[in-house]
1. For region 402-413, how many residues meet the condition of being part of a loop (DSSP other than H, G, I, E, B) and surrounded by fewer than 12 Cβ atoms within 10 Å (Cβ to Cβ)?
2. List the strands (runs of 3 or more DSSP E) inside region 175-268, counting only whole elements, that have at least 1 residues being hydroxyl-bearing (S, T, Y).
3. Quick one: how many residues across region 83-101 are among the acidic types (D, E) and surrounded by 13 or more Cβ atoms within 10 Å (Cβ to Cβ)?
4. Go through region 376-427 residue by residue and tally those that are at pLDDT below 95 and polar (S, T, N, Q).
5. Determine whether region 128-137 contains at least one residue that is closer than 17 Å to G184 by Cβ and either at pLDDT 95 or above or under 16 Å from the mean Cα position of the chain (by Cα) (or both).
6. Just to be sure I understand, how many residues within region 210-246 are surrounded by fewer than 23 Cβ atoms within 10 Å (Cβ to Cβ), within 14 Å of A187 (Cα to Cα) and in contact (Cβ under 8 Å) with a residue 24 or more places away in the chain?
7. With (1) within 27 Å of the chain's Cα centre (by Cα); (2) in contact (Cβ under 8 Å) with a residue 40 or more places away in the chain; (3) surrounded by fewer than 22 Cβ atoms within 10 Å (Cβ to Cβ); (4) on the phi < 0 side of the Ramachandran plot as the list, and I80 as the residue in question, which single condition is left unmet?
8. Within region 144-151, can one find any residue that is within 24 Å of E214 (Cβ to Cβ) and either in contact (Cβ under 8 Å) with a residue 24 or more places away in the chain or of a type in the set (F, W, Y) (or both)?
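The values are calculated or read from the model by the stated rules, or taken from the named source; none is laboratory data. Given the structure is predicted, the values throughout are model-derived calculations rather than measurements. Cβ: placed from backbone, ideal geometry, glycine included. Neighbour counts: every protein chain shown.
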Amino acid sequence: MNTGKSSIRWLKESEPPSGRVESEVRQAVAGIAQDVERRGMDAVREHSLKLDGFGGPFETAYETALSQLASLDPAVRSAIEESIRNVRRFHSLERETLRDHEWELSPGVRAGFRYVPVDSAAVYIPGGRYPLVSSAVMCVIPAQEAGVKRIAAFSPPGPDGKIDATVLAALALLGVREIWAVGGAQAIAAAALGAGDIGKVDFIAGPGNAYVAEAKRAFFGTVGIDGVAGPSEVLIIADEGANHRYAARDLLAQSEHDPMARACLVTTSEAFAQDAMDELSSLLPCLATRKTAEESWKRNGAVGVASSLDHAIDYANSIAPEHLQLALANPREALRQCRSYGAAFLGYSSSEVFGDYIAGTNHTLPTAGRSRFSSGLWTGSFMKVVTHLDLSPDGARRLCGPGETLARTEGLDAHAGALRARGGISS
């Protein structure tokens, strides 16, 4: 069966992504990373002043976050608290599944593993066009539920040196006490390497722009990362029973993220596809975010008609979308055929915007086809699986003979000697 784009008849196609911008971003980030490694906080200060108009001091007192919380609109506070409750509940349940285990593999040979949290983590909370309050919730809570001792929050400042007030209020509600008003590649470099009073961390999580994503990729190996996130994306698979007005709004919700965001609808009904596009066109002029959404939809929006639901699902598996909406009468049946997606949203009422904010699942997800081999942010992202082996003297004796044979086959004499010694045989 054809699993590619050719299995869909496209009423609107997206433009292919350009690699030129990626090359420019890579070069810029490499320069910043090398500068921070060489000059530390002086480099962080200079790049922040150049890029964000603020050269420090970068540390934001917890009391400042508390004061922003005290003045927060009650309705906004209530919404953040609801998000925190739901996200914490989901991620605490994830933690409950991560249980240590040990087994006796053979007489006298016991082996097992433990889940151990990293000691420290940085969470990046985007500022810029849209300060993402929700990202504070999504990144901090799984780290807390994992048991990370030190959580440092980084978020870009405005020219006045202040982090967005609502982001600060959310961090206060979450109890995060280490807050840095620094963003971009320089923030990732400072967290990965340490700079001035910013101590290096073990793990970095959180979405960001292309420079943040490239910096995380560049420092992977020095620190752990949740993944390399590109522009946000959604694929909606809809049947004739779906609501085309919902589909149009969901496509626009994705498009307003960023001019590079990608929103795609594949349906088994051409009439549904046309109705959704007409509805989108009527809604677009009324959006406060029209400029961004319009550019994104024009360049990256796509609408296609599949001859069957199987073809639509094959297409989903071939592109491995960040968000997969199954606006279908029987979404769970379809889900069983879906192998690669960051997060799925089932049925006519489940939009990915609920996952963005309030329902409980995490919105930090793999993009650009990376869900073929990676997962979204979850409690386990902040944990290591460490194994252990416990041999009794008899268990060791039983294994030393074949172990010694393998060691000598590889030509490793000291290995063979160490195994032989456990067998009670003099060399």
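1. Residues flagged as part of a loop (DSSP other than H, G, I, E, B) and surrounded by fewer than 12 Cβ atoms within 10 Å (Cβ to Cβ) within region 402-413 amount to 2.
2. Details: elements: 178-180, 203-205, 233-238, 262-267.
So the answer is 262-267.
3. Of the residues in region 83-101, the ones among the acidic types (D, E) are 94, 96, 100.
Then drop every residue that is not surrounded by 13 or more Cβ atoms within 10 Å (Cβ to Cβ), which leaves 94.
Total meeting the criteria: 1.
4. So the answer is 2.
5. yes
6. Within region 210-246, residues that are surrounded by fewer than 23 Cβ atoms within 10 Å (Cβ to Cβ), within 14 Å of A187 (Cα to Cα) and in contact (Cβ under 8 Å) with a residue 24 or more places away in the chain number 5.
7. I80 satisfies all of (1) within 27 Å of the chain's Cα centre (by Cα); (2) in contact (Cβ under 8 Å) with a residue 40 or more places away in the chain; (3) surrounded by fewer than 22 Cβ atoms within 10 Å (Cβ to Cβ); (4) on the phi < 0 side of the Ramachandran plot except (3).
8. Residues of region 144-151 within 24 Å of E214 (Cβ to Cβ): 151.
Next, only the ones that are either in contact (Cβ under 8 Å) with a residue 24 or more places away in the chain or of a type in the set (F, W, Y) (or both) stay: 151.
Yes; the residues of region 144-151 include at least one that is within 24 Å of E214 (Cβ to Cβ) and either in contact (Cβ under 8 Å) with a residue 24 or more places away in the chain or of a type in the set (F, W, Y) (or both).
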